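Visitor: Shown below is the structure under consideration.
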């Protein structure tokens with residue numbers, strides 16, 4: 001199969017749509033939590049920011065879908081928009097169900113350059129999802145929450161994996177069909193958007209970094225939710241989880257490669273130096289965008 005061809009488009013769109021899971025957040029088997037677990041859940045500072053991001057994503061992705069002329073791609077992106085909006089509903093239900101105190105976020109606004117916003121968002125998800133893989137698994141291993149709660153959020157992590165696989169195939173298909181087949185041009189384009197995505201993450205999450213304001217779960221996630229975790233342990237877990245989750249997709253599809261490659265290089269470098277060992281009983285928590 002030639003990347004950028006009609007067959008490629010049909011594969012990445014149909015694979016995405018066929019793997020859709022139908023569920024309603026309000027009807028999921030939300031567990032009853034004891035007082036200590038409730039306090040732990042309520043003290044996590046990212047719920048307001050997560051709700052804001054997912055609401056904005058649902059509105060933005062749905063709006064972008066309406067601008068797409070190709071009917072199959074439009075259908076797939078519209079489905080992603082509904083999934084992003086459902087993530088927001090799930091977080092909103094969690095906040096209400098467990099009485100988490102937040103300030104109601106402002107209503108989302110559609111950005112002016114909708115295609116650029118969608119592309120920046122896609123590269124940002126590639127960054128954030130890779131780290132979420134590691135944090136989610138470490139939190140599960142530490143039994144930070146009851147397994148029933150992890151069972152609710154595991155499909156959300158898988159949906160994020162589906163989103164980034166769809167995105168890297170769509171953006172490559174778009175580049176090729178716009179005459180940017182050169183790997184150099186594609187790489188430059190990706191670096192520009194990855195840089196912008198990183199800056200957007202810093203802007204979105206930097207305001208709460210280290211000030212105790214209750215915002216900023218991506219930028220401050222490691223510092224806030226990981227107790228005595230070594231970088232080596234985190235990178236190893238993220239890479240293992242990335243390989244496991246990416247292994248679920250058709251091997252003809254493209255996958256995000258930059259973060260795993262950078263993490264592999266960083267891990268090899270870290271292993272050249274003496275490593276600090278985590279303290280017994282260290283705990284971790286998880287963040288998701």
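The values are calculated or read from the model by the stated rules, or taken from the named source; none is laboratory data. Quantities reported herein were computed from a predicted structural model and do not represent experimental measurements. No Cβ is skipped: glycine too gets one built from the backbone with ideal geometry, and neighbour counts run over all protein chains shown.
Visitor: What are the pairs, 6+ residues apart or on separate chains, where a residue within region 155-174 that is within 11 Å of residue 255 (Cβ to Cβ) has its Cβ under 6 Å from a residue that is at pLDDT below 95 and assigned to a helix (DSSP H, G or I)?
Guide: Sorted first by the residue in region 155-174, then by its partner, the pairs are 164/125; 164/126; 164/129; 167/122.
Visitor: Okay, moving on. Look through region 1-23, keep the residues that are touching a residue at least 12 places away in the same chain (Cβ under 8 Å) and assigned to a loop (DSSP other than H, G, I, E, B), and return whichever of them is nearest to residue 90 (Cα to Cα).
Guide: 23
Visitor: Quick check on this structure: which one of 79, 51 is part of a helix (DSSP H, G or I) and farther than 30 Å from residue 252 by Cβ? Walk me through how you get there before you give the answer.
Guide: Values: 79 fails: farther than 30 Å from residue 252 by Cβ.
Exactly one residue qualifies, and that residue is 51.
Visitor: Which condition number does residue 26 fail, the rest of (1) on the phi < 0 side of the Ramachandran plot; (2) surrounded by 15 or more Cβ atoms within 10 Å (Cβ to Cβ) being met?
Guide: Tallying (1) on the phi < 0 side of the Ramachandran plot; (2) surrounded by 15 or more Cβ atoms within 10 Å (Cβ to Cβ), residue 26 fails exactly one: (2).
Visitor: Of the residues 39, 84, 56, 125, which single one is assigned to a helix (DSSP H, G or I), more than 15 Å from residue 160 (Cα to Cα) and in contact (Cβ under 8 Å) with a residue 12 or more places away in the chain?
Guide: On the way: 39 fails: in contact (Cβ under 8 Å) with a residue 12 or more places away in the chain; 84 fails: more than 15 Å from residue 160 (Cα to Cα); 125 fails: more than 15 Å from residue 160 (Cα to Cα).
That would be 56, the only listed residue that is assigned to a helix (DSSP H, G or I), more than 15 Å from residue 160 (Cα to Cα) and in contact (Cβ under 8 Å) with a residue 12 or more places away in the chain.
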